[in-house]
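Undergrad: Take this structure first; my questions come after.
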Amino acid sequence: VRSSDLPVNPDLRKAYPDDALWLACSGGEDYELVLVGAPERIDKLAKSTSMPLTPIGEVLPRADELVTLVDEDGAALTMPDGGWDHLRA
């Protein structure tokens, strides 16, 4: 997931410039749908709907990590733990 492509509200960035990315990744007050598919299928879907679609990353054949958030240079970012854990006892 490319951090620079995540849709983050400009008001959130203004109010919390240092924490906006973390809040966008771990908050629960707003929602986005995630679609995964071949690029040509996603492109076709984007052309057939008025709903904006925002590509934020790609699936790579790697077994060592499930999801990696990267910066503009492709370096992995470490985010603090947070968000709601629905499975926590």
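The values are calculated or read from the model by the stated rules, or taken from the named source; none is laboratory data. On a predicted model such as this, the values are computed, not experimentally measured, just so you know. Positions of Cβ are generated from backbone atoms using ideal geometry, with glycine treated the same way; all protein chains shown enter the neighbour counts. With ligands, DNA and RNA removed, areas are computed over all heavy atoms of the protein, side chains included. Shrake-Rupley method; radii C 1.70, N 1.55, O 1.52, S 1.80 Å.
Undergrad: Within segment 1-51, considering only helices (runs of 4 or more DSSP H) that don't extend past its boundaries, which have at least 3 residues that are under 13 Å from the mean Cα position of the chain (by Cα) and closer than 22 Å to Asp71 by Cβ? Before the answer, list the steps.
TA: Values: elements: 10-15, 20-26, 39-47.
Output list reads 20-26.
Undergrad: Right, next: Tell me, which residue of segment 60-71 that is in a loop (DSSP other than H, G, I, E, B) and in contact (Cβ under 8 Å) with a residue 12 or more places away in the chain is farthest from the chain's Cα centre (by Cα)? Spell out how you get there, then give the answer.
TA: We begin by selecting, within segment 60-71, every residue in a loop (DSSP other than H, G, I, E, B); these are 60-69, 71.
Those still in the list that are in contact (Cβ under 8 Å) with a residue 12 or more places away in the chain too: 67-69, 71.
Working: Val67: 10, Thr68: 10, Leu69: 8, Asp71: 12 Å.
Ranking the qualifying residues of segment 60-71, first place goes to Asp71.
Undergrad: Mind listing whichever residues of segment 10-59 are hydroxyl-bearing (Ser, Thr, Tyr), without any contact (Cβ under 8 Å) to a residue 24 or more places away in the chain and open to solvent by less than 70 Å² (accessible area, probe 1.4 Å)?
TA: Within segment 10-59, the subset hydroxyl-bearing (Ser, Thr, Tyr) is 16, 26, 31, 48-50, 54.
Next cut, without any contact (Cβ under 8 Å) to a residue 24 or more places away in the chain only: 16, 31, 48-50.
Listed by number, the list holds a single entry, Thr49.
Undergrad: Yes or no: Gly74 touching a Ser or Thr at 6+ places or on another chain (Cβ under 7 Å), open to solvent by less than 100 Å² (accessible area, probe 1.4 Å), small (Gly, Ala, Ser) and not in a helix (DSSP H, G or I)? Show your work before the answer.
TA: Working: touching a Ser or Thr at 6+ places or on another chain (Cβ under 7 Å): no; open to solvent by less than 100 Å² (accessible area, probe 1.4 Å): yes; small (Gly, Ala, Ser): yes; not in a helix (DSSP H, G or I): yes.
Criteria not met by Gly74.
Undergrad: Could you please let me know if Gly57 is among the small types (Gly, Ala, Ser) and touching a helix residue (DSSP H, G or I) at 6+ places or on another chain (Cβ under 6 Å)? I'd like the intermediate steps shown before the answer.
TA: Working: among the small types (Gly, Ala, Ser): yes; touching a helix residue (DSSP H, G or I) at 6+ places or on another chain (Cβ under 6 Å): no.
So Gly57 does not fit the description; no.
Undergrad: Would you be able to say whether some residue in segment 25-45 is out of contact with any His (no Cβ under 9 Å at 6 or more places or on another chain), under 24 Å from His86 (Cβ atoms) and of a type in the set (S, T, N, Q)?
TA: The first filter runs over segment 25-45 and keeps only residues out of contact with any His (no Cβ under 9 Å at 6 or more places or on another chain), leaving 25-45.
The next check asks that each one be under 24 Å from His86 (Cβ atoms); those that pass are 25-36.
Within this subset, residues satisfying the condition of being of a type in the set (S, T, N, Q) are 26.
Yes, segment 25-45 contains a residue that is out of contact with any His (no Cβ under 9 Å at 6 or more places or on another chain), under 24 Å from His86 (Cβ atoms) and of a type in the set (S, T, N, Q).
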